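Student: Take a look at the following structure, please.
The values are calculated or read from the model by the stated rules, or taken from the named source; none is laboratory data. Note that the coordinates shown come from a computational prediction; the quantities given were computed from them, not determined experimentally. Note that each Cβ is placed from the backbone with ideal geometry, even for glycine, and that neighbours are counted across all protein chains shown. With ligands, DNA and RNA removed, areas are computed over all heavy atoms of the protein, side chains included. Shrake-Rupley method; radii C 1.70, N 1.55, O 1.52, S 1.80 Å.
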Amino acid sequence: MKNPAEMTRASRFALAPVAVFLACFFEFAACHRLIDGDEGFYLLASRLVMEHRTPYFDFFYTQAPLVPYAYGLWMWLFRISWFSARSFSALLTAILGVLIYEHVCHETRKWAAGAAAVILFASSTLIFAWFPLVKTYSLAALFLVGAYVIVTRLSPASSPWMAAVAGLLFGLGVDTRSYVVGLAPVFLWWVLRHSGTGNRNTRVLWFLGGFTVGIVPCLILFASSPSLFLFNNLGYHAIRSNAGLIGDWRGKFVTGLMVLFGRANGVQFAILSAVSLVVIFATRMRKGGALLAFAIAFVLGFISILPTPPMVQYFCMCMPFLIVGVVCGASDFIASQRSGSPKRIAVLVSVIVVVTFVVASAPGFRRYLFTGDRVVGIKNTDDARNWTLANASAVSRAIDELAAPKEQIASFWPGYVAASKAEPSPGFENDFGWVIANKLTSDQRAKYHIITRSEIEADFAAHTPRIIVLGNQWNGGFSDASEWVSILRKDDYVEVRTIGDTSIFVCCSKR
């Protein structure tokens, strides 16, 4: 049997190959994963921030503010394109995977446990389908896992700066996806538990100090206009459906069943959940990083079911913590078996679980990266061609050929404008506002940068803007393309380009 020091050297030796594998795998997934409709407004918001516009104040934005700043900085350093933004997501996801590998190896002193965690991480449908996208998940999860790793290594002798850095990362996670603030009691409980009796209050204050620094972006925007900040982050979500901010319990029950047994993610979540329960009871877990990982996964799962409408994809952020908890707990259980036969059986069962988990990912890999079958936002397999990076980029290039630089155009899906040189017509920066337009007064709509369908039709009748892009619209009840085609033709717009099922209409010009 090797000693722990040799195990540590082995895990460090494998770190570089693990990093290369994760970077290559998630770059492939990022380049081939069919576009999720939400990515359009995230990418456009990032470009608008890069052009010195402010979320909430200059355009409607329904999330915490950090993502457009992070992606905007990336695209400023490199270039504005779907492939560039997706590569950033792939990089974040790969870094997260490396962090998980390092932490599992640190906790278990076994490189094989770290490798198992990496295999589970890469083959998880909820990971490769949702993390390498231009969305909040990969960035928020990286901050949360970073905070988790640091607090698990706190001891009474640790520098208070460690608690501050953990709080900072947690705060940045809240800046990225606001509802993760619900994890604050879990982190504070752990910090208190692993502080000396004489420095508990001091350690908590350092953590809260770091957290306060981390949420400075939110604090600045809130202080600038509390009403704008609260409406974009909470008010919109409270009125977007008739069930309110937290409601539709039947839908939540159905979503829970889909998370555990649905085809979207196979039975992978169920496998990890079942194994985690076995591990917790078998090892009588009372301490260690695995316990905190399970606690975070459980609370995150509870938080993820609360928003209305509930979505399966929200549970993707539970997966890194479930994987860490399961692998570390299983490794501890195997190590606790002294006789040869029970240990061999435990190892065999672990291998079977990993293989089953990987095999269960195959249908999801095919659906999300190639066919689009039963993928949210994609009508059918024929519609999948409209949601590829190549198709979206081709439409953006066509826009650049037809529009003058910085010309305002109306695209019913903001993703087409995001990677072009055109500007979005006011109200077209985000395709979510139309859902609630009729629930607001005219003053509220002006304040929140939201327009109604009647206002859109009036602008088109006045030939403003000159260019209209019709395709991939899927929010706000504007999915009936044929109706809009009739309206545009009546207003003397001419269809000049067709790419897939997306059409570009132009008026007052022969171009």
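Student: Scan (1) among the aliphatic types (A, V, I, L, M); (2) outside any helix (DSSP H, G or I); (3) modelled with pLDDT of 80 or more for the single condition residue 234 breaks and write down its number.
Tutor: (2)
Student: Kindly provide the set of residues from region 434-457 that are over 28 Å from the mean Cα position of the chain (by Cα), crowded, with 16+ Cβ neighbours inside 10 Å and in a helix (DSSP H, G or I), ordered by number.
Tutor: 456
Student: Next question, about the same structure. Among the residues of region 338-359, how many are polar (S, T, N, Q) and either touching a residue at least 40 places away in the same chain (Cβ under 8 Å) or surrounded by 13 or more Cβ atoms within 10 Å (Cβ to Cβ) (or both)? Please lay out each step first, then the result.
Tutor: So the first thing to find is which residues in region 338-359 are polar (S, T, N, Q), and the list is 339, 341, 350, 356.
Still in the running and either touching a residue at least 40 places away in the same chain (Cβ under 8 Å) or surrounded by 13 or more Cβ atoms within 10 Å (Cβ to Cβ) (or both): 350, 356.
Of the residues in that region, 2 qualify.
Student: Identify all residues within region 341-381 that are under 30 Å from residue 413 (Cβ atoms) and among the aromatic types (Phe, Trp, Tyr); write none if there are none.
Tutor: 365, 368, 370 - these are the residues of region 341-381 that are under 30 Å from residue 413 (Cβ atoms) and among the aromatic types (Phe, Trp, Tyr).
Student: Only residues that are touching a helix residue (DSSP H, G or I) at 6+ places or on another chain (Cβ under 8 Å) and either at pLDDT below 90 or assigned to a loop (DSSP other than H, G, I, E, B) (or both): list them for region 159-174, please. Break it down stepwise before answering.
Tutor: Within region 159-174, the first condition is being touching a helix residue (DSSP H, G or I) at 6+ places or on another chain (Cβ under 8 Å), and the residues that meet it are 160-174.
Of everything in region 159-174, just one residue is touching a helix residue (DSSP H, G or I) at 6+ places or on another chain (Cβ under 8 Å) and either at pLDDT below 90 or assigned to a loop (DSSP other than H, G, I, E, B) (or both), namely 160.
Student: Mind listing whichever residues of region 175-204 are part of a helix (DSSP H, G or I) and exposed (fewer than 15 other Cβ atoms within 10 Å of the Cβ)?
Tutor: Hits for region 175-204 are 185, 189, 192, 193, 201, 202.
Student: In region 53-97, what residues are of a type in the set (Phe, Trp, Tyr), outside any helix (DSSP H, G or I) and open to solvent by 10 Å² or more (accessible area, probe 1.4 Å)? Spell out the reasoning first.
Tutor: To start, the set of residues in region 53-97 that are of a type in the set (Phe, Trp, Tyr) comprises 56-57, 59-61, 69, 71, 74, 76, 78, 82-83, 88.
Narrowing further to those that are outside any helix (DSSP H, G or I): 56-57, 59-61, 78.
Answer for region 53-97, where residues must be of a type in the set (Phe, Trp, Tyr), outside any helix (DSSP H, G or I) and open to solvent by 10 Å² or more (accessible area, probe 1.4 Å): 57, 78.
Student: Output the qualifying pairs, or none if there are none: Cβ atoms under 7 angstrom, residues six or more apart or on different chains, first residue in region 142-153 and closer than 17 Å to residue 294 by Cβ, second residue open to solvent by 20 Å² or more (accessible area, probe 1.4 Å) and of a type outside the set (Lys, Arg).
Tutor: What qualifies is 145/99; 147/169; 149/99.
Student: Looking at (1) out of contact with any Pro (no Cβ under 7 Å at 6 or more places or on another chain); (2) assigned to a helix (DSSP H, G or I); (3) open to solvent by less than 10 Å² (accessible area, probe 1.4 Å), which one does residue 417 not meet, given that it meets all the others?
Tutor: Unmet for residue 417, out of (1) out of contact with any Pro (no Cβ under 7 Å at 6 or more places or on another chain); (2) assigned to a helix (DSSP H, G or I); (3) open to solvent by less than 10 Å² (accessible area, probe 1.4 Å): (1).
Student: From the list 362, 335, 392, which one is crowded, with 17+ Cβ neighbours inside 10 Å and small (Gly, Ala, Ser)?
Tutor: From the options 362, 335, 392, the qualifying one is 392.
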